Amino acid sequence: MPHKNERLVSLLCGTLLILSIQTVSAATAPPLGTAASFAVLGGSGVTNTGPTVIHGNLGVSPGSAVTSFPPGIVVPPGTIHAADAVAAGAQSDSTIAYNALAGQACNLNLTGQDLGGLTLIPGVYCLSSSAQLTGALTLDAQGNANAVFVFQIGSALTTASNSSVNIINGGTVCNVFWQIGSSATFGTSTSFAGNVLALTSITVNNGSTLAGRALAHDGAVTLDTNNISAAQCNPIFVAPPTITVSFGAASLGVGDFTTKTFTVSDPNDTPLTGIAFTDTLPAGLVVATPNGLTGSCGAGTITAIAGSGSISLAGGSVAGSGSCTFSVNVTATTTGVKTNSATVGSSEGGTGNTSVASVTVLPAPPPSPTPPVITKVFGAASIGVGGTTTLSFTISNPNGVPLTGVAFTDSLPAGLVVSTPNGLAGSCGGGTITAVAGSGSVSLTSATIAGGSSCTFSVSVTGTATGAQSNSVAVTSTNGGAGNTSTVVVTVVPAVIAPPAISKSFGAASSTVVNSFPLTFTINNPNPAVPLTAVGFIDVLPAGMVVTTPNGLTGSCGGGTIVATPGTGVISLTGGTLPGGASCMFSVDVTATIAGTFANLTGNVTSSNGGTGNTAEAELTLLGDFEVSYFANLQSGDSVINITNTGANGASLNGPGFGQDVGSICVNVYAFSPDEQMVSCCSCRVTPNGLAALSVVDDLINTTLTGIRPNSIVVKLLATRGTSCGNSAAAAGSPGFPVVIAGSKAAWGTTIHPGPGGTFVLTETPFIPSTLSPGELASLTNRCTNIIGNGSGFGICRACRQSGLGAGRESSGVSNK
């Protein structure tokens, strides 16, 4: 647990964590004794790979193995001590320092935390098990040149590749100590700082650097192309400069050029002067003309003569811990892998490292193909706002070789968008065509067009604003480069907006008076893309028809106002809005107060931007007490009146005293000549589910009251219900008296006409409703009573012959002729 006086302040900002502590006792730097002169000290051995550079002594004890030095070098005055007294003394002093570090009181416990991303101030930090460094650890000396940082690690220390330890605000690597309970392993290209004292071994992987010391007690120190320097902590060791050379490209063609860059760094705190090197270029590379020299190295002289085979620096200088960089262009003259190395030196630090870089020179590439050619065209010279046309693209390859990576992006002008749906047709060399409906662009990517061929595709575009819409697009390819730009123009004119269309219908084709029926209106916008605004109409109902109370309004129409005041004869719509291609529907209940056929015609439907549309008509037949049918061509054939009783019309008369008449209806038949004279009449009782059939020729006009047989007649039927076929004009509504049955009953006429070859053609003729006033009803009844009462037999229907109206022979479902 942390000391009770410790205080932890943490600030999270991205991945940065800053830790601040106050300590009772500050960390102290242990004496290193004779180990201070060593940059590398191993217990069992020191093993190296590559051109490692050591600034300081290298030793091993009690082991004696030191391998691969060279190519590794120990820069003088540093020397190698293998199993000698100097190395043994350094191991003893290193052990004392290790124990001194382990015995210091912990200021802050960081167990379980990755050191990467932390910023720490001077103190003793303990990690009871292993430690991990991923990224950068920042040690803030807070302006104190003597600030000490101690890390007590229970087992192993491991760093990830490219990790680093950075000391800021006046600190020094000499006062950073890592006491490690087992081994330390530095990932590739790690930049580490401080004195590393490991109980077992230390492994420094390829490209890693250590500013400080690597001191392993029992195991080996393993190196691989590293730079380890104790020069900052021991003035007798001045490290030479380091050089890094690199080419600006991994490969280039014969005749092409690239950069050759040199970076010289000073690993010491003190300046280096007299820095120099000569870089002899390999055969096949020469300094370019012009040489393209940029950068410098202090006041040093850089020599890079155009066309020559060498680049050199003389008299350069670099400030302590600083660096300098300059570049020269080089040109390839022959093919192959060109390996180039340079070794740097200085007056104070002597000879430094050798840096090696390679570039591959390829044969000169063949000439690039000619770029593709694009042409585009609109399907029409002009369209209306909301109208559509095609936009076609044709891309041609004028070469004998394929063009790859063919692409373009066509940004449509402000007055055009891709249609919905986009109408994409065609393809282009397996490329991806993007044309999102409603968007303002069409694009092609990753197409391949064979030599001498072409591709074509098209999309639909919609005009959104008036004016000349100029559209340009440029095509490119990977191997042919940028091609031409094609420009076309389409003119968007104001849209021709069609008016709305209205239709209407009644909820039934026919019914009886006083029943309520829905009257339905449907309005359509025939314009697929243009809304219609201020849509409206007025429908004046025919005389005898009114809006029902309540009006039964259902549906709506584009937010418009529907007026259908109960009891009035007007239905109207105002202020409706219909989107393009949309429709609306609403219904109002209406009632007719008289019988008849009502033809209801609306006024024209209108809109503010589409103008005046059509009218709509619907018919409704309302049946009254009488039905009328016309019979023609009686001399050529015959017509039959079939009268049925569905059984429902007398059901309400069920009860005592009604006998056989329960459920029966009485149909009074009146026949008239064309000059409106009554020629015959009779009364037929029809029982439930019964049928009465009258032949027009045999039953109605063979024995007319006038003695004249007409060529055509009008037949009127009056249906009543009661205990008998009594006088239809008698008082209605009381039990035992006839009750007039309003509306159409199950009655129809069958007309027989001569047909070819002596056959007959049957035509069903529905009865047409009519109305009769009470006075007319009484007149008909009285006249029929007189006909039947005269006793002559003329004018009495033969099948339903009566001795008096409502008395005598009656039909029970069979026609009596």
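The values are calculated or read from the model by the stated rules, or taken from the named source; none is laboratory data. All values reported here derive from a predicted model rather than from experimental measurement. Cβ: placed from backbone, ideal geometry, glycine included. Neighbour counts: every protein chain shown. To get the accessible areas, we keep the full protein, side chains included, count just its heavy atoms, and leave off ligands, DNA and RNA. Shrake-Rupley method; radii C 1.70, N 1.55, O 1.52, S 1.80 Å.
Where a ≥ b ≥ c are the square roots of the eigenvalues of the C-alpha gyration tensor, would you call region 117-237 rounded, which needs a/c under 1.5, or, failing that, prolate if a/b is larger than b/c, or oblate? Rounded, since a/c falls under 1.5.
Once the Cβ-Cβ distance between S312 and S129 is put in as r, and R0 is 41 Å, what FRET efficiency do you end up with, to the nearest 0.05? Write out the running numbers ahead of the final one.
Numbers: r = 53 Å, r/R0 = 1.30.
The value I calculate is 0.15.
First obtain the Kirkwood hydrodynamic radius of region 265-406 from its Cα pairs, then insert it into the Stokes-Einstein equation at 4 °C and 1.567 mPa s, and state the resulting D in µm² per second as a whole number. Estimated diffusion coefficient is 65 µm²/s. Diffusion of region 172-266 by Stokes-Einstein, at 25 °C in a medium of 0.890 mPa s and with Rh set to the Kirkwood radius over alpha-carbon pairs, works out to 160 µm²/s.
How high is the relative contact order of region 396-544? Use alpha-carbon pairs under 8 Å, at least six apart in sequence, and give a whole percent. Could you put the intermediate results ahead of the total?
Values: 299 pairs, mean separation 33.5, N = 149.
RCO, region 396-544: 22 percent.
For region 486-620, the convex hull spanned by the alpha carbon atoms encloses 99 Å³ per residue. Under 5 Å from the amide H of A288 lie the amide H atoms of G307, N329, V330, T331, each residue being 5 or more positions distant or on a separate chain, with H modelled from the backbone and absent for Pro and chain starts. In terms of accessible area, using a 1.4 Å probe and ignoring ligands and nucleic acids, V492, V86 rank largest first as V86, V492. Were the residues from T339 through T549 laid out at 0.36 nm apart, the gain over their Cα-Cα distance would be 65.3 nm. Label-to-label distance for T370 and S189 is 4.6 nm, based on points extended 7 Å past Cα in the beta-carbon direction. Per residue, the accessible area of region 207-340 comes to 37 Å², computed with a 1.4 Å probe over protein heavy atoms only. Our estimate of slack between A250 and T706, defined as 0.36 nm per intervening residue step minus the Cα-Cα distance, is 151.6 nm. Using θ = phi - 60° in the Karplus curve 6.51 cos²θ - 1.76 cosθ + 1.60, the 3J(HN,Hα) couplings for region 267-275 round to x, 8, 7, 9, x, 10, 10, x, 5 Hz; x is entered for Gly and Pro. Taking every protein chain into account, the accessible area of region 19-127 amounts to 36 square angstrom per residue (probe 1.4 Å). Accessible-area rank, largest first, for C233, C584: C233, C584, with all protein chains present and a 1.4 angstrom probe. Expressed as a whole percent, the accessible surface of region 50-99 that belongs to carbon and sulfur atoms is 66, based on a 1.4 Å probe. Near the amide H of G352, within less than 5 Å, lie the amide hydrogens of V344, G345, S346, all on another chain or at least 5 residues away, with H placed in the peptide plane. The residues of region 436-563 expose on average 42 square angstrom of accessible surface per residue, using a 1.4 Å probe on protein heavy atoms. Could you pull out which residues in region 200-237 have an amide N less than 14 Å from a spot 7 Å beyond the Cα of S161, following the Cα-Cβ vector? Answer for this model: 205-208.
The value of relative contact order for region 377-449, using C-alpha pairs under 8 Å at least six residues apart, is 33 percent. Note on region 372-517: with neighbouring protein chains present and a 1.4 Å probe, carbon and sulfur make up 57 percent of its accessible heavy-atom surface.
Collect residues whose amide H, placed 1.01 Å from N in the peptide plane, falls under 5 Å from the amide H of I796; neighbours closer than 5 in sequence don't count. For I796, the qualifying residues are C681.
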